[in-house]
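Student: Take a look at this one; I'll ask things after.
What follows is calculated from the coordinates using simple rules that are stated; it is not laboratory data. Model, not experiment: these values are computed from the prediction. Cβ sites come from the backbone with ideal geometry, for glycine too, and all protein chains shown count toward neighbours.
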Amino acid sequence: MSTHSPTGVRWSPPPPNSLKVNFDGATFKDIGRAGLGVVVRDCQGHALASLSERVPFPFSSDLVEALAAARAISFALEIGYLSFILEGDSEHVINTLSSNEDSLSPFGHILDSAKALTESGCISFSHVRRLGNSVAHNLAKHGIHVSGYLIWMEDVPPHLYSILLVDVG
C-alpha cells in the first residue's frame, strides 16, 4: 500500500486544544460482516485512542457509515471526550448529523439517537474526502481481522503507524 497521496489530500488537524474524531466503515459482503473504524486525534495529529470493530453487515453501505458515525460518537464519549469535531467521508451522514431536522433516511433513527448523545457536549461535524480519512478507513478495513472490537489507547495498530505519520505530514 502506498503511503502518499498523489493529490495532496490528507487529514487536517483541528484547532489548538481541540480534538478530531474520524470514522469510517468498510463492507465485507463475502462474509456478511462490516468493519467500523474510529480514531481520536489531538491538534498535533497524535492518536489518543483508536478502535476497530466487526459487526454484522447491514443491508447497505450507507447504513455501515451511519453505524460507524454512531460508534465514533459513543466511543469518544465513553472514553471521556465531550467536545470534539466528528469527521467522516460520507457526505450524506455528515449532512444528516449537521441538520436540525429529523432524518427520513433508512438510517436516520441511528443518527438521531447518536445526536441525542451529543447534547451534553460540544460536537461539530465535518466532511472530508476519502484520502483525508485514511487512518479511520484502514481501521475499518482492519475490522475483518477482529472478533468483536479492539481498542488502542494513545495508539493505533502497528501496521497503521506509517499512515498516521503521513497524515500529519
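Student: List the extent of the Cα atoms of the range 31-169 along each of their three principal axes, largest first, rounded to whole Å.
Tutor: Taking the Cα atoms of the range 31-169, the three principal extents are 40, 37, 26 Å.
Student: Follow-up question, since we're still on this one. Provide the gained length on full extension for the span Ser74 to Ser162, in nm with one decimal, where the gain is 0.36 nm per separating residue minus the Cα-Cα distance. Walk me through the intermediate numbers first.
Tutor: Numbers: separation 88, 0.36 × 88 = 31.68 nm, distance 2.69 nm.
Gain on stretching Ser74 to Ser162: 29.0 nm.
Student: Compute the label zone of Ser18 within the range 150-169: residues whose backbone N is under 14 Å from the point 7 Å along Cα-to-Cβ.
Tutor: none
Student: Using only Cα atoms, what Kirkwood radius does the range 119-160 have, in angstroms? Mind showing how you got there, number by number?
Tutor: Numbers: mean 1/r = 0.0795 Å⁻¹.
Roughly 12.6 Å, rounded to one decimal.
Student: For Ser61, Ser103, which order do you get if you count the other beta carbons within 10 Å of each Cβ and list the fewest first? Mind dumping the intermediate values first?
Tutor: Details: Ser61 15, Ser103 19.
Placing the least packed residue first, the sequence is Ser61, Ser103.
Student: Only helical DSSP H runs with n ≥ 4 go in: add -39500 (n - 2.57) per run for the chain, normalise by residue count and round the 222 nm mean residue ellipticity to 500 deg cm²/dmol. Walk me through the numbers on the way to the answer.
Tutor: On the way: 5 runs with 53 residues, N = 169.
Rounded to the nearest 500, it is -9500 deg cm²/dmol.
Student: Among Gly32, Gly132, Gly45, which one shows the biggest mean-square fluctuation in a GNM of the chain, springs joining Cα atoms closer than 10 Å?
Tutor: Gly32
Student: Another question, if that's okay. If you average the sequence gap of Cα pairs under 8 Å that are 6 or more apart and divide by the length of the chain, what percent do you get for the contact order?
Tutor: Values: 360 pairs, mean separation 57.2, N = 169.
Once divided by the residue count of the chain, the mean separation gives 34 percent.
Student: For all pairs of alpha-carbon atoms in the range 19-96, what percent lies in each bin of width 10 Å, listed from the first bin to the last filled one?
Tutor: 20, 50, 26, 4
Student: What does the net charge come to around Gly45 if you take all other residues with beta carbon closer than 15 Å to its beta carbon, with K and R at +1 and D and E at -1?
Tutor: Value of the local net charge: -2.
Student: If you take every DSSP beta bridge fully contained in the range 19-168, what fraction is antiparallel? Give it as a percent rounded to 5.
Tutor: On the way: 24 of 34 bridges.
Close to 70 percent.
Student: For each of Leu82, Leu104, count neighbouring Cβ atoms within 10 Å of the residue's Cβ, then give the residues from fewest to most. Please report the intermediate quantities before stating the final value.
Tutor: Working: Leu82 12, Leu104 8.
With the sparsest Cβ surroundings first, the list reads Leu104, Leu82.
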